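One structure is given here, and the rest of the page talks about it.
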Amino acid sequence: MSHLTLFYAPGTCALATRIALNEAGADYQLQYVDFAQGAQRSAEYLALNPLGRVPALRVEDGTVLTEAVALLPYVAQRFASAHLAPSDPVQFARMQSFHGYLASTVHVAHAHRKRGSRWADDEHAIAAMQAKVASNMADCFALIEEHWLDRGPWVMGDQYTVADGYLFTVASWLAGDGVDMAHFPRVAEHYQRMLQRPAVRAAMHD
């Protein structure tokens, strides 16, 4: 198996891994998972990824890796010459803490808009969760604005890393969640800066 294969769907956090692969100059192919047709729940896909989600990355030996917080450092380490992660262990851990925050807090806050049934069956409870999405996402991005984009143009300061593609991906959900990115000038500037990168523009074309 000569290629990496990224299983993805538009509008998902798989975009972050796709950006990372492009930045690394990786030889990979895409496999679209049609959520509208329920392909993520098909027996064929669940055999690859029992989580029934994207992204998933099948590597050269056939191993399938899942979850953005694992795939992003994998790409950075697999293609170390691209310098997509800090070499210092403390700074690498800081990058991973940012990934963890996006995955465990921000993404979960966003998911309450469309996937409230994961946490409740009662329609009123689901509606209450949906009503909190905008304020929760705004709170998350206020923290990112103040504590993660205060040291330079990128999440990790002067060095562009895989964390920037992850932030760009999650920030792209803000409008749909009812949050005006303009309230967070550093986030908005980071988003526009990302749009100028060829790897990002290429990743946005499905």
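The values are calculated or read from the model by the stated rules, or taken from the named source; none is laboratory data. Here the structure is a predicted model, which is why all the values come from computation and not from measurement. No Cβ is skipped: glycine too gets one built from the backbone with ideal geometry, and neighbour counts run over all protein chains shown. Ligands, DNA and RNA are excluded from the accessible area calculation, which covers all protein heavy atoms including side chains. Shrake-Rupley method; radii C 1.70, N 1.55, O 1.52, S 1.80 Å.
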Scanning segment 99-138 for residues that are open to solvent by 60 Å² or more (accessible area, probe 1.4 Å), free of Cβ contacts under 8 Å to residues at least 12 places away in the same chain, part of a helix (DSSP H, G or I) and more than 27 Å from Q159 (Cβ to Cβ) gives S117, R118, E123, H124, A131
Which is basic (K, R), in contact with a helix residue (DSSP H, G or I) (Cβ under 8 Å, 6 or more places away or on another chain) and farther than 15 Å from T12 by Cα, of R58, R94, R53? R58
Filter result (open to solvent by 50 Å² or more (accessible area, probe 1.4 Å), among the hydrophobic types (A, V, I, L, M, F, W, C) and touching a residue at least 12 places away in the same chain (Cβ under 8 Å)) within segment 147-206: A202, M204
For G52, all conditions in the list (1) part of a loop (DSSP other than H, G, I, E, B); (2) in contact with a Phe, Trp or Tyr (Cβ under 9 Å, 6 or more places away or on another chain); (3) surrounded by 18 or more Cβ atoms within 10 Å (Cβ to Cβ) hold save one; what is the number of the exception? (3)
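Report the residue count in segment 3-37 for those that are of a type in the set (G, A, S) and under 22 Å from W173 (Cβ atoms). If you could, list the steps in order and put the result at the bottom.
Narrowing segment 3-37 to residues of a type in the set (G, A, S): 9, 11, 14, 16, 20, 24-26, 36.
Restricting the remaining residues to those that are under 22 Å from W173 (Cβ atoms) gives 9, 11, 14, 16, 20, 36.
Adding up the residues that qualify gives 6.
State all residues of segment 66-79 that are in contact with a helix residue (DSSP H, G or I) (Cβ under 6 Å, 6 or more places away or on another chain) and more than 14 Å from Y28 (Cα to Cα); if no residue qualifies, say none. Full working, then the answer.
From segment 66-79, those in contact with a helix residue (DSSP H, G or I) (Cβ under 6 Å, 6 or more places away or on another chain) are 68-69, 71-72, 75-76, 79; that's our starting set.
Residues satisfying the conditions are A68, V69, L72, A76.
Might you let me know whether segment 93-108 holds any residue that is more than 17 Å from the chain's Cα centre (by Cα) and small (G, A, S)? I'd like the intermediate steps shown before the answer.
In the first step, residues of segment 93-108 are kept if they are more than 17 Å from the chain's Cα centre (by Cα); the result is 93.
Still in the list and also small (G, A, S): 93.
Yes, segment 93-108 contains at least one residue that is more than 17 Å from the chain's Cα centre (by Cα) and small (G, A, S).
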Every residue in segment 146-189 that is outside any helix (DSSP H, G or I) and aliphatic (A, V, I, L, M), please. L149, V155, M156, L174, V179
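Scanning for something assigned to a helix (DSSP H, G or I), under 26 Å from D177 (Cα atoms) and open to solvent by 30 Å² or more (accessible area, probe 1.4 Å), does segment 84-98 turn up at least one residue? Steps first, answer last, please.
Taking segment 84-98 and keeping what is assigned to a helix (DSSP H, G or I), we get 89-98.
Next cut, under 26 Å from D177 (Cα atoms) only: 95-98.
Retained after the next criterion (residues that are open to solvent by 30 Å² or more (accessible area, probe 1.4 Å)): 96-97.
Yes, segment 84-98 contains a residue that is assigned to a helix (DSSP H, G or I), under 26 Å from D177 (Cα atoms) and open to solvent by 30 Å² or more (accessible area, probe 1.4 Å).
Which of the residues spanning segment 64-79 are open to solvent by less than 60 Å² (accessible area, probe 1.4 Å) and free of Cβ contacts under 8 Å to residues at least 24 places away in the same chain?
Quick first cut of segment 64-79, residues open to solvent by less than 60 Å² (accessible area, probe 1.4 Å) only: 64-66, 68-76, 79.
Of everything in segment 64-79, those that are open to solvent by less than 60 Å² (accessible area, probe 1.4 Å) and free of Cβ contacts under 8 Å to residues at least 24 places away in the same chain turn out to be V64, L65, T66, A70, Y74.
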